[in-house]
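Colleague: Once you've had a glance at the structure underneath, I'll fire off some questions.
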Amino acid sequence: MALLSILRYPDPRLHTVAKPVQAVDARIRTLVADMLETMYDANGIGLAATQGDVHERLIVIDVSEERNAPIVLINPEITWASEEKQVGDEGCLSVPGIYDGVERSVAVHVSALDAEGLPRTIEAEGLLAVCIQHEMDHLLGKVFVEYLSPLKRKRIKTKMLKQLREERA
Ligand code: K1U
Ligand code: ZN
């Protein structure tokens, strides 16, 4: 297994639209293992393949306290989203240190393939529903800061570029 390097906002590659996974084969199973390892190592509750610069429709999630309940969603599609919405604070491993409120559906239904390539459906609410919507946005090339005001986004971009410059100095 290997840790993936997580793309940092405002890297333009984060805006790539992911393509469907063609076959759940050994390459995809290795990618799933690497994404889970990377998510746990970074203390995240989710990770989209996009963040690892792999532009295929694959996300991993674990919202459990014990960090022992991984969810793998390949070619996920939201089949239903509640009209009821709620604003909650979100973070992103690609935008470290930034947390802000985003409005999301309170509940979603998702269909996908699991790590074995078998179809599965999930009826999610609460943090899991929020995380699924956040990760699926990544697959569409959208980062949560794009829901914020242009002024906030500009400030975040400046802060991220400064952080990157300092890390490289
Ligand atoms: O996509 C990612 O970068 C992962 C992201 C997922 C996420 C967190 C919070 C709301 C929606 C989606 C993270 O895991 S950020 C990590 C983090 O600090 C966090 C962990 C648990 C709850 C809230 C934030
Ligand atoms: Zn994110």
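The values are calculated or read from the model by the stated rules, or taken from the named source; none is laboratory data. In this text, all values refer to a predicted model and were calculated from it rather than measured experimentally. Quick note on the areas: whole protein, heavy atoms, side chains included, nothing else; ligands and nucleic acids left out. Shrake-Rupley method; radii C 1.70, N 1.55, O 1.52, S 1.80 Å.
Colleague: In whole Hz, what ³J(HN,Hα) sequence does region 89-100 give by Karplus (6.51, -1.76, 1.60; θ = phi - 60°), x for Gly and Pro?
Modeller: Result, ordered by residue: 6, 10, x, 7, 5, 8, 9, x, x, 10, 10, 7 Hz.
Colleague: Under the √(5λ) rule applied to the eigenvalues of the Cα gyration tensor, what semi-axes describe the equivalent ellipsoid of the chain? Give them in Å, descending.
Modeller: Those come to 25, 20, 14 Å.
Colleague: Please work out the average accessible area per residue across the chain, using the 1.4 Å probe convention, and give it in Å².
Modeller: 54
Colleague: Which residue fluctuates the most in the chain, going by a Gaussian network model with Cα springs under 10 Å, if the choices are ASP137, ASP53, ASP25?
Modeller: It is ASP25.
Colleague: Along region 75-82, what does the Karplus equation 6.51 cos²θ - 1.76 cosθ + 1.60 (θ = phi - 60°) give for ³J(HN,Hα), rounded to whole Hz, x for Gly and Pro?
Modeller: Using θ = phi - 60°, the values come out as 6, x, 9, 7, 9, 7, 9, 5 Hz.
Colleague: While we're looking at this one, here's another question. For ILE98, which sequence-distant residues (separation of 5 or more, or a different chain) have an amide H within less than 5 Å of its own amide H, given hydrogens modelled in the peptide plane?
Modeller: CYS92
Colleague: Another question, if that's okay. In whole Hz and in residue order, list the ³J(HN,Hα) couplings for region 54-59 that follow from phi through the Karplus curve 6.51 cos²θ - 1.76 cosθ + 1.60, θ = phi - 60°; x for Gly and Pro.
Modeller: With coefficients 6.51, -1.76 and 1.60, one gets 10, 9, 10, 7, 8, 10 Hz.
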